[in-house]
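Have a look at the structure below, then the notes.
The values are calculated or read from the model by the stated rules, or taken from the named source; none is laboratory data. Quick caveat, the model's predicted, so the values are computed rather than measured. Using ideal geometry, Cβ is built from the backbone for each residue, glycine included, and neighbour counts are taken over all protein chains shown. To get the accessible areas, we keep the full protein, side chains included, count just its heavy atoms, and leave off ligands, DNA and RNA. Shrake-Rupley method; radii C 1.70, N 1.55, O 1.52, S 1.80 Å.
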Amino acid sequence: MKTIKLAVIGCGNRGTVYAGYSLLHPDAARVCYACDTSKDRLEAFGAMFTLSPDRLYTDASEMLEALADVDLVVVSTNDDSHFAIAKEVLERKHHCLLEKPMSPQVWECVELVRLAEQNGVSLILGHVLRYTPVFSTIHQLVHTERAIGDLVAIHHSENVSIDHLVHSYVRGNFRNLSPIILAKSCHDLDILCWLTGKRCKKVSSFGHLDFFTEEHAPEGSAYRCLDCAVESTCPFSAVKRYLGSDTGWPTSMISVDTSLEARTRALRETGYGVCAFRSDNTVANHQVVNLEFEDRITVSFVLSGFNTVETREIRLMGTKGDIFANMEENYIRVRTFGSHEDRVIRPPMIHIGSHGGGDFLLMQDVVTRLQNNDMHQAKTQASLSLESHLIAFAAEHARASDTVVQLKDFARKISSQTIGK
Ligand SMILES: NC(=O)c1ccc[n+]([C@@H]2O[C@H](COP(=O)([O-])OP(=O)(O)OC[C@H]3O[C@@H](n4cnc5c(N)ncnc54)[C@H](O)[C@@H]3O)[C@@H](O)[C@H]2O)c1
């Protein structure tokens, strides 16, 4: 089989996860080019994937201009640069694996899907949950086995740990870039669309940024935790979080150099050292979304950052029974009406990367499809994920305007605004 040649733009956490597939399967995939605006990250990535300096770029356009013989361009930069980079990748007629969300701007999402179609290439999204064994097994139970009859309702919760919330959405890169319902939960909305197998009709949403605001700052606290007199009693102390002995994620994200000196400098100079109550964060820290799909299927989704442990839990209710699942525990329980027996399923786990193996399985599927020349069949085509992006934008609109959004009208308005941009 052909070895798939990859170019990676954005060599941070996600870029390294996807590229890491090539280290496990060097015959199937090889990283040939890399680009990152951070020289430190680029160098570390180049060393990890043994790339010569002439294959390393700090400018995406320059790298794309120089690309020869590449099968897939992975775009895993921060959300606000996705559109410009992915647009160029597609216009140069490369298949593209783009991290979610496609863009913080709704019309740019629509435009990227159009560009992929126009240029005859595939735009695949990093919606790895479709590959996570718990969710793919549930999909099979609901649609192939029809284990719970006709689907009536779903309740799904994304329980983000407080540690994750504070690192990414209070202090970090995602604190004010996109609505959290898009940045964090377009994954979950995508899974809900996939599991119902229906079109969404109506969206309502409520949610707020409540706790991590200045009025909740402890008395005597300072702007930076390094200067704070009450830091040692604060559960959100950046000193405790980042200057301990654990230098894995998320500590590794604050500085490429993980020496104590470099981490202390990062706390002095970047948002990661700012008091969790005094950051310039704007995103909600808890949000609920209600959806009505075709066939009157109702869905409620709760996103909250107030959890000690990170989990995704889902309950699907049908005309013949119900399913409960916990992703992190790799646990699915199926019960049918009139029977007292529980069927417990623990799908085969892949202990590589995160999302219960979803990262690895997505990459495996994309590489295999490139080898077999059937990319158009990939499970996470952007054209399929557009609906969940639209739902996320509609939910944010519903939350901000305190209204119920009719998704068809919302999509129609977006399309008409896209023209001429
Ligand atoms: N699929 C998932 O489960 C999942 C999980 C987390 C994050 N994400 C998404 O992945 C993307 C990256 O997140 P991350 O956690 O890897 O962030 P990160 O900060 O670790 O990595 C982003 C990298 O992109 C680089 N970069 C930024 N702008 C660039 C540009 N114009 N050209 C080249 N390089 C550039 C940065 O220097 C950084 O190294 C985000 O869009 C995020 O929303 C997806």
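Summary of computed values
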read-out	value
For the stretch 4-127: accessible area per residue (Å², 1.4 Å)	39 Å²
Zone residues, the stretch 320-362, relative to VAL309, backbone N less than 15 Å from point 7 Å out along Cα-to-Cβ	325-332
Unit charges at the beta carbon, dipole of the chain: most positive-side option, GLY149, VAL106, LEU23	GLY149
Gap separating the Cα centres of the stretch 10-35 and the stretch 269-312, nearest whole Å	30 Å
Spacing of the two label points (7 Å from each Cα toward its C-beta) at GLU65 and SER81, in nm	1.7 nm
In the stretch 1-62, trypsin sites (Lys or Arg not before Pro) in a DSSP loop with at most 13 other beta-carbon atoms within 10 Å	LYS2
Whole-number percent relative contact order across the chain, with pairs defined as alpha carbons under 8 Å at least 6 apart	21 percent
Computed [θ] at 222 nm, deg cm²/dmol, the chain (DSSP H ≥ 4; -39,500 (n - 2.57); rounded to nearest 500)	-9500 deg cm²/dmol
Radius of gyration and maximum dimension Dmax of the chain, Cα, Å	21.9, 67
Net charge, HIS155 excluded, C-beta distance under 11 Å - Lys, Arg +1, Asp, Glu -1	-1
Sites LEU209 and SER252 - FRET efficiency at Förster radius 35 Å, r taken between beta-carbons, to 0.05	0.85
Loop GluC sites (Glu not before Pro), the stretch 175-236, which have at most 10 other Cβ atoms in a 10 Å radius of their Cβ (DSSP)	GLU219
Total formal charge among the other residues, if their Cβ is under 14 angstrom from that of PRO250, Lys/Arg +1 and Asp/Glu -1	+3
Residues of the stretch 145-177 with amide N under 19 Å of a point placed 7 Å along Cα→Cβ from ILE414	177
Theoretical gain in end-to-end length, LYS240 to GLU219 [0.36 nm per residue, Cα-Cα removed]	5.7 nm
In nm, spacing of pseudo-spin labels at ASP280 and LYS93 (7 Å Cα→C-beta vector)	4.3 nm
ARG333 paired with GLU261, simple spin-label distance in nm, labels 7 Å along Cα-to-beta-carbon	5.4 nm
FRET efficiency for GLN377 and LEU23, using Cβ-Cβ distance with R0 set to 25 Å, rounded to 0.05	0.45
Net dipole in debye of the chain [+1 Lys, Arg Cβ; -1 Asp, Glu Cβ; about Cα centre; nearest 20]	820 debye
Charge dipole (the stretch 269-406, unit charges on Cβ, about Cα centre) - positive-most of SER385, HIS355, PHE324	PHE324
Net charge contributed by nearby residues that have their C-beta within less than 15 Å of ARG224 (K/R +1, D/E -1)	+2
Gaussian network model of the chain, Cα within-10 Å springs - most flexible of ALA394, ALA183, ALA266	ALA266
